[in-house]
Amino acid sequence: MGSLFSTFDKRLQLSLFSLRLGIFIVMFVWAMDKFVNPAHSAGIFETFYGIGGVSHTLVYLMGGLQCILMLLFLAGAFKTWTYGIVLVLHGASTFSSYAQYLDAFNNLLFFAAWPMLAACLALFLLREADTLFSVSNA
């Protein structure tokens with residue numbers, strides 16, 4: 001019976017790490033986009049959040065903070081905070097795109113946000129079990 005639980009625990013840890021790695025990849029690329037194409041990010045703030053006139057300097061600052069957050073997230077550090085902030089940020093991004101869901105067949109890629117939001121929620125709820133390649137337990 002003990003080996004069943006250890007096998008389950010290993011599969012759970014590997015599954016949670018794969019969620020953490022996958023979420024990191026997406027959100028780190030989004031952070032890097034702020035440096036590669038700051039005008040794109042400023043346009044996103046205006047289109048989806050109604051915040052116009054965001055300067056490139058502010059976009060670079062947000063990108064830097066997001067990179068730090070994502071590296072801490074990937075390391076499994078300060079899980080309650082980092083996993084929680086990632087969940088809130090991705091949730092805001094998902095819900096702010098509501099108009100795209102109304103025109104579903106012209107905006108299919110926006111629907112990828114929903115399984116990622118579910119992954120963020122699952123990882124947050126199971127953060128104490130996410131111990132593989134993690135620097136802390138909570």
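The values are calculated or read from the model by the stated rules, or taken from the named source; none is laboratory data. Note that the structure is predicted; figures quoted are calculated from it, not measured. Note that we place each Cβ from the backbone using ideal geometry, even for glycine, and neighbour counts take in every protein chain shown.
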Restricting the range 31-59 to residues that are among the hydrophobic types (A, V, I, L, M, F, W, C) and outside any helix (DSSP H, G or I), which is farthest from Gly91 (Cα to Cα)? Val54
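Looking at the range 77-91, which of the residues that are within 11 Å of the chain's Cα centre (by Cα) and among the small types (Gly, Ala, Ser) is nearest to Phe133 (Cα to Cα)?
Among those residues, the one meeting the criterion is Gly84.
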Pick from the range 14-64, criterion β-branched (Val, Ile, Thr), farther than 30 Å from Asp130 by Cβ and surrounded by 13 or more Cβ atoms within 10 Å (Cβ to Cβ), ranking: farthest from the chain's Cα centre (by Cα): Val54
List pairs: first in the range 33-58 and without any contact (Cβ under 8 Å) to a residue 60 or more places away in the chain and among the small types (Gly, Ala, Ser), second surrounded by 12 or more Cβ atoms within 10 Å (Cβ to Cβ) and not in a helix (DSSP H, G or I), Cβ under 7 Å, 6+ apart or cross-chain? Ala42/Val54
Please identify the pairs in which a residue from the range 116-129 that is modelled with pLDDT under 95 has its Cβ atom under 7 Å from the Cβ atom of a residue that is β-branched (Val, Ile, Thr), counting only partners at least 6 apart or on another chain. none
Residue hits (the range 65-124; among the β-branched types (Val, Ile, Thr) and within 17 Å of Phe28 (Cα to Cα)) are Ile68, Thr82, Ile85, Val86, Val88, Thr94
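Of the residues that make up the range 60-77, is at least one modelled with pLDDT of 95 or more, closer than 18 Å to Arg127 by Cβ, in contact with a helix residue (DSSP H, G or I) (Cβ under 9 Å, 6 or more places away or on another chain) and not in a helix (DSSP H, G or I)? Talk me through it step by step, then tell me what you get.
Pass one, the range 60-77, residues modelled with pLDDT of 95 or more: 60-77.
The next check asks that each one be closer than 18 Å to Arg127 by Cβ; those that pass are 69-77.
Applying the additional criterion that residues be in contact with a helix residue (DSSP H, G or I) (Cβ under 9 Å, 6 or more places away or on another chain) yields 69-77.
From the residues that got through so far, the ones that are not in a helix (DSSP H, G or I) too are 76-77.
There is at least one residue in the range 60-77 that is modelled with pLDDT of 95 or more, closer than 18 Å to Arg127 by Cβ, in contact with a helix residue (DSSP H, G or I) (Cβ under 9 Å, 6 or more places away or on another chain) and not in a helix (DSSP H, G or I).
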Anything in the range 78-109 that is within 21 Å of Leu121 (Cβ to Cβ) and among the charged types (D, E, K, R)? List them, or say none. Lys79
